[in-house]
Structure formats: structure tokens, C-alpha cells
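Visitor: Let me give you the structure first, and then I'll get to my questions.
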Amino acid sequence: MRFRSPHLFTSLLILLFSLTPSSVLAHAHLKQQTPAAESVLTTSPKEVSLKYSESIEVKFSKIELLDSNNQMMPVDNLFLDTTDSTRLIAPLKTPLPAGQYTVNWHVVSVDGHRTKGKYQFMVKPD
Ligand SMILES: [Cu+2]
């Protein structure tokens, strides 16, 4: 059978690729985070802790913490929770002053796939 229209063929190819179950593969999706997204804390957190749907390759993963001026806040070396390889932890080197913060993360799960995302929280002492 010949496709009458090259556009139809292209459409079918696109459909095929969109049906490829990339979302079904074991990508690491962020399931839970501390501090929580959009939360308002009265004291600085001691760490940023991100829980994923899959085990994480810590060497290829990164957590950045930015203030409202996009200045990078110092975080210590990332490590995995010793009892849970899906939980990635970034200890803060210094307490955060009051302000709005963005957590910017990029991770590689054990299947080699990359995912990334970001979210915000606020530190607002009483
Ligand atoms: Cu994957």
C-alpha cells in the first residue's frame, strides 16, 4: 500500500513515536520533596531531600538551590539516603536567609534516563 499523502505518513510516524511508552519506562519522577513545593518555612531547612520513583545515580545528578536573584546557594555533596536509593539529599552549607528559593534538579535514574524539574519554597521567619 502506498500513502497518498506524505503528510499522512509523517502523521503516522509522529503518532507511532508518541505512543512509544517513554512514560512507561522507569524514568525517575519526583514523588515527594522536602521542603514541600510552594511551602512557607519559618526556619531554614537543613537539607533539600527529593524522593523519586526510581533509584538515582548520584554521580550524574544535581540539585541547585537558587535565591530570588538567581544566586546559587551553597549545597554540600549530594548523597543517597542509606536506606532508600530513590531519595537524594543535598545538605545546605549555611542556613538560608528569608526569601524565595528555587530548587532546580536534574537526575539520572539507574536505567540511564534523565529527568529534570524545579519547584519553589519560601523561608519567612515569624
Ligand atoms: Cu527511564
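The values are calculated or read from the model by the stated rules, or taken from the named source; none is laboratory data. A quick note: this is a predicted structure, and the numbers were derived from the prediction, not measured. Glycine also receives a Cβ, built like all others from the backbone with ideal geometry; neighbour counts cover every protein chain displayed.
Visitor: Scan segment 84-95 and tell me whether some residue there is more than 16 Å from the ligand (Cβ to nearest atom), in contact (Cβ under 8 Å) with a residue 40 or more places away in the chain and surrounded by fewer than 16 Cβ atoms within 10 Å (Cβ to Cβ).
Guide: Yes, segment 84-95 contains at least one residue that is more than 16 Å from the ligand (Cβ to nearest atom), in contact (Cβ under 8 Å) with a residue 40 or more places away in the chain and surrounded by fewer than 16 Cβ atoms within 10 Å (Cβ to Cβ).
Visitor: Which of the residues belonging to segment 96-126 are surrounded by 13 or more Cβ atoms within 10 Å (Cβ to Cβ), more than 12 Å from the chain's Cα centre (by Cα) and within 16 Å of the ligand (Cβ to nearest atom)?
Guide: Listed by number, the residues that qualify are Val110, His113.
Visitor: Within segment 17-47, work out how many residues are away from the ligand (no atom under 16 Å from the Cβ), in a loop (DSSP other than H, G, I, E, B) and at pLDDT below 95.
Guide: 0
Visitor: Give me the pairs: first residue in segment 108-126 and under 14 Å from Glu54 (Cβ atoms) and at pLDDT 95 or above, second residue basic (Lys, Arg) and within 16 Å of the ligand (Cβ to nearest atom), beta-carbon distance under 8 Å, and six or more apart or on different chains, which are they?
Guide: These pairs meet every condition: Val108/Arg114.
Visitor: Do we have Asp67 as touching a Gly at 6+ places or on another chain (Cβ under 8 Å) and either of a type in the set (Val, Ile, Thr) or away from the ligand (no atom under 16 Å from the Cβ) (or both) here?
Guide: Working: touching a Gly at 6+ places or on another chain (Cβ under 8 Å): yes; either of a type in the set (Val, Ile, Thr) or away from the ligand (no atom under 16 Å from the Cβ) (or both): yes.
Yes.
Visitor: With the requirement that a residue be among the charged types (D, E, K, R) and away from the ligand (no atom under 16 Å from the Cβ), what does segment 48-64 give you? Write out each step before concluding.
Guide: So the first thing to find is which residues in segment 48-64 are among the charged types (D, E, K, R), and the list is 51, 54, 57, 59, 62, 64.
Of everything in segment 48-64, those that are among the charged types (D, E, K, R) and away from the ligand (no atom under 16 Å from the Cβ) turn out to be Lys51, Lys59, Lys62, Glu64.
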